[in-house]
Amino acid sequence: MSKPGIKVFAPASVANVAVGFDILGFALEKPGDEIIIREGSNPGLVITEIQGAGGRLPFEIMKNTAGYAAYRLLEHIGATDKPLEMEIHKKMPFGSGLGSSAASAAAGVFAVNEFLNTGLTKQEILRFAVEGEQIADGAFHADNVGPSLMGGMLLIRDNETLDFKKLHIPHGLSAAIIYPHVEVLTRESRGILKKEVDFKDVIRQQGNLGAFIAGMYTSDFGLISRSLDDLLVEPQRAHLIPLFYEMKERALQEGALGFSISGAGPSMFALCDNSAIADAILESANRLYKDKKIPVTTYFSKINQEGAIRF
Ligand code: HSE
């Protein structure tokens, strides 16, 4: 019989948020991944079970985002010999643009940190979660992992030092998430991006990012709305997503503050100043994709302020 363990949840997230490629992201209330950690019988961390991944995730600690994130923490505290068993319950789809590998990495390191009662804060273990996620997409950026672990909407000033700020969220801010069932792998979606961008677009995008943050702190929904315009990445990735521009037009007509790609896609998000608008967008999305016979899943969410939790 297995020994008692602890169970944690880490939520999905929306990265980039249109104007902050690799440096802006927020956590959702659902979906998310669950991980159980318990004492093992032999020295070292092992993954004993992976549910919900259709056999696509490796059991090797060094190749698994959750396993590796946890392992890096164990190395840090000098406890790699500690007998530990990890069970991973994937409750969200791969390649969805909702930070699936980031949620696993955040849950993995958080579960071990809680189980061993290390006394380290979430901020202190963030680097290990980002290193875990790096296995999946090859790049070191915290715009999914950060919110998934810490909760809220994070602006990452610098991905190397993980200097970030949790932003103020205006009352009423809600998200509508639309996930058409096609798989877009982050590694590939990053691979298609041009290495050079137009300087004029960078200037406008800087204006948008700065104004977006100012809008968040002053609850100025008009400013937020005018700012949510991605000149750099959305135009390069939109073709990966079925009916992207049709859906964007509908969302803006329904009253979204802004609409763009969630992370590397194919999920899309609309930010709204109230939940009724978000609901109307989701209804419209369900009609559009159903008409075109493309399976779709939609989620309504406020910004999840908690991030990873033990439950
Ligand atoms: N910022 C990342 C990207 C998020 O858009 O590629 C996905 O990992």
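Distance between the modelled labels on Val46 and Asn274, one decimal in nanometres: 5.7 nm (7 Å Cα→Cβ projection). When the Gaussian network model of the chain links Cα atoms closer than 10 Å, the mean-square fluctuations of Leu209, Leu120, Leu28 top out at Leu120. If you take all other residues with their beta carbon under 12 Å from the beta carbon of Thr298, and give Lys and Arg +1 and Asp and Glu -1, the sum is +1. Among Ile203, Ile213, Ile261, the residue with the largest mean-square fluctuation in a Gaussian network model of the chain, with springs joining Cα atoms closer than 10 Å, is Ile203. With Rh defined as the Kirkwood radius, the inverse of the mean 1/r over Cα pairs, the Rg/Rh of the chain is 0.98. The string of couplings for the range 160-175 from the Karplus curve (6.51, -1.76, 1.60, θ = phi - 60°) is 5, 8, 6, 7, 9, 10, 7, 7, 5, 10, x, 4, x, 4, 9, 10 Hz, one whole number per residue in order, with x for Gly and Pro. Which trypsin sites (Lys or Arg not before Pro) in the range 183-242 sit in a loop by DSSP (not H, G, I, E or B) and have at most 10 other Cβ atoms within 10 Å of their own Cβ? For trypsin sites (Lys or Arg not before Pro) across the range 183-242 that sit outside H, G, I, E and B with at most 10 neighbouring Cβ atoms in 10 Å, the list reads Lys194, Lys195. By the rule of a C-alpha distance below 13 Å, with chain neighbours fewer than 8 residues away ignored, the aspartates and glutamates paired with Lys194 are Glu234. If you take the Cα centroid of the range 166-205 and the Cα centroid of the range 61-117, the two points sit 25 Å apart. Residue by residue, what Karplus-based ³J(HN,Hα) values in Hz, rounded to whole numbers, does the range 50-57 have, using 6.51, -1.76 and 1.60 with θ = phi - 60° and x for Gly and Pro? The phi angles translate into 10, 10, x, 10, x, x, 9, 10 Hz. Taking each of Lys90/Lys293; Lys166/Lys292; Lys165/Lys195; Lys91/Lys302; Lys30/Lys122; Lys165/Lys302 in turn, the alpha-carbon distance tops 30 angstrom for Lys166/Lys292. Sorting Val145, Val112, Val184 by the number of Cβ atoms found within 10 Å of their own Cβ, with the fewest placed first, yields Val184, Val112, Val145. Ellipticity at 222 nm from helices only: DSSP H runs of n ≥ 4 in the chain, each -39500 (n - 2.57), divided by the residue count, give -11500 deg cm²/dmol.
Model label sites at His168 and Glu306, defined 7 Å from Cα along the beta-carbon direction, differ in position by 2.5 nm. Excluding residues fewer than 8 places away in the same chain, name every one of the lysines whose C-alpha is closer than 19 Å to that of Lys3. The reachable lysines, counting only those whose Cα sits under 19 Å from Lys3, are Lys82.
A simple spin-label model places the labels of Ile294 and Glu39 5.2 nm from each other, with each point 7 Å out along Cα-to-Cβ. Along the Cα-to-Cβ line of Phe199, 7 Å from the Cα, sits a label point; which residues in the range 211-248 have backbone N less than 18 Å from it? So the set is 232. Couplings 3J(HN,Hα) for the range 303-311, derived from phi with the Karplus relation 6.51 cos²θ - 1.76 cosθ + 1.60 (θ = phi - 60°), are 6, 7, 7, 8, x, 5, 9, 9, 9 Hz, where x marks Gly and Pro.
A short reminder: the numbers here are calculations on the coordinates, not readings from a lab. These figures come from a predicted structure and were not determined experimentally. Every residue, glycine among them, receives a Cβ derived from its backbone with ideal geometry; neighbour counts consider all protein chains shown.
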